[in-house]
Amino acid sequence: MSAIHPKHFLTISDLDEGELLHVLDLAGELKRGERAGAPLAGRSLAMIFKKSSTRTRVSFEVGMYQLGGSAIFLSDKTSQMGRGEPIHDTAKVLSRYVDGIMIRTFEHEEVVELARYATVPVINGLTDLVHPCQLLADLQTMQEAFGRDLSGLTVAWIGDGNNMANSWLNASALVGFQLRLACPEGYEPDAEILVRAGGGVTLSRDPCEAATGAHVVTTDVWASMGQEDEAADRERAFRGFQVDQAMMDRADPSAIFLHCLPAHRGEEVTAAVIDGPASRVFDEAENRLHAQKALLVYLMGDAPASAPEAS
């Protein structure tokens, strides 16, 4: 299969700026139909799901098919992982069969351990800590709206300091855009990731202040998978953090609204915003397919092109 020391994609920080721009450029070319052929012909991707999914499963499965390869769905109910097979054994066995592994799970350490023992590329499809594949799609959507260079933009994250907020922090440190996070007290992002993101980040309790002049306003559900028993407490904590038209009116006139989906209209965002003219959520969802295809080619192709120097 692949090299003994493959390149993994566990967080967006596993790419440097040049590699990231290369993947995003490739994603755009794939979306516009400028890349022909089947670069992953004969290759297979094992997809491990411990969390349910719509966009992640469909985009990876369709993406592998469009690239000439195949994808294999595995869950706790349909594999030996559900009967307690250790992650390191799973990693070693799957590496003998497939050319890459994508995993969507709860604990980030599971992804880290899988990558530690796998001899093929491992892709993080989502953990409770980060959601890097979504950020690739988000950055592609931003480029479509504002151009390739994102360093002069301001992004406002409104709501929970969850895996999406952590991923925006990682992307901000890599790309250089300004990031304003507005989170209720007790719902801040990961402290280590926040510190590592550096001086381009501000954290406040005022969502309207965060949104003022922003080029991107983005949010997520208030209670993610596995937090259903906290829903009532979270609804109380997040009052005042709903993205509505009044908040969008404070943003830059060219601002776009992003949401990783699924969304709860009337909770974290109003229907008028998510279905309104500033919303790019369905372009963003589509870009999961194109960005992940580019990532798959970069990680699993015969000889990934050298990333250009960042401009």
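The values are calculated or read from the model by the stated rules, or taken from the named source; none is laboratory data. Not measured: the values here are computed from a predicted model. Positions of Cβ are generated from backbone atoms using ideal geometry, with glycine treated the same way; all protein chains shown enter the neighbour counts.
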Restricting the stretch 39-53 to residues that are in a loop (DSSP other than H, G, I, E, B) and among the polar types (S, T, N, Q), the residue that is surrounded by the most Cβ atoms within 10 Å (Cβ to Cβ): Ser53
Residue tally, condition surrounded by 13 or more Cβ atoms within 10 Å (Cβ to Cβ) and either part of a strand (DSSP E or B) or hydrophobic (A, V, I, L, M, F, W, C) (or both), over the stretch 234-264: 15
Which listed residue is within 21 Å of Leu129 (Cα to Cα), basic (Lys, Arg), out of contact with any strand residue (DSSP E or B) (no Cβ under 7 Å at 6 or more places or on another chain) and in contact (Cβ under 8 Å) with a residue 60 or more places away in the chain, from Arg196, Arg234, Arg148: Arg234
Residue satisfying condition, being modelled with pLDDT of 95 or more, of a type outside the set (Ser, Thr, Tyr) and not assigned by TED's automatic domain parsing to the domain that holds Ala165, within set Ala310, Ala263, Ala294, Ala255: Ala294
Candidate set: the stretch 198-221, residues that are surrounded by fewer than 23 Cβ atoms within 10 Å (Cβ to Cβ) and of a type in the set (Gly, Ala, Ser); chosen: the one nearest to Leu15 (Cα to Cα): Gly198
Qualifying residue in the stretch 93-105 (condition: within 19 Å of His8 (Cβ to Cβ), within 17 Å of the chain's Cα centre (by Cα) and either modelled with pLDDT under 95 or surrounded by fewer than 22 Cβ atoms within 10 Å (Cβ to Cβ) (or both)): yes
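For (1) at pLDDT 95 or above; (2) among the charged types (D, E, K, R); (3) surrounded by 21 or more Cβ atoms within 10 Å (Cβ to Cβ); (4) farther than 16 Å from Leu258 by Cβ, each residue gets a yes or a no:
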| site | (1), (2), (3), (4) |
| --- | --- |
| Val112 | yes, no, no, yes |
| Asp128 | yes, yes, no, yes |
| Asp138 | yes, yes, yes, no |
| Gln143 | yes, no, no, no |
| Gly161 | yes, no, yes, yes |
| Gln178 | yes, no, no, no |
| Pro189 | yes, no, yes, yes |
| Ile193 | yes, no, yes, yes |
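Only one of these is free of Cβ contacts under 8 Å to residues at least 60 places away in the same chain, surrounded by fewer than 19 Cβ atoms within 10 Å (Cβ to Cβ) and either within 21 Å of Gln134 (Cα to Cα) or out of contact with any Phe, Trp or Tyr (no Cβ under 9 Å at 6 or more places or on another chain) (or both): Ala71, Ala36. Name it.
Ala36
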In the stretch 93-131, the residues that are in contact with a helix residue (DSSP H, G or I) (Cβ under 7 Å, 6 or more places away or on another chain) and part of a helix (DSSP H, G or I): Glu110, Glu113, Leu114, Tyr117
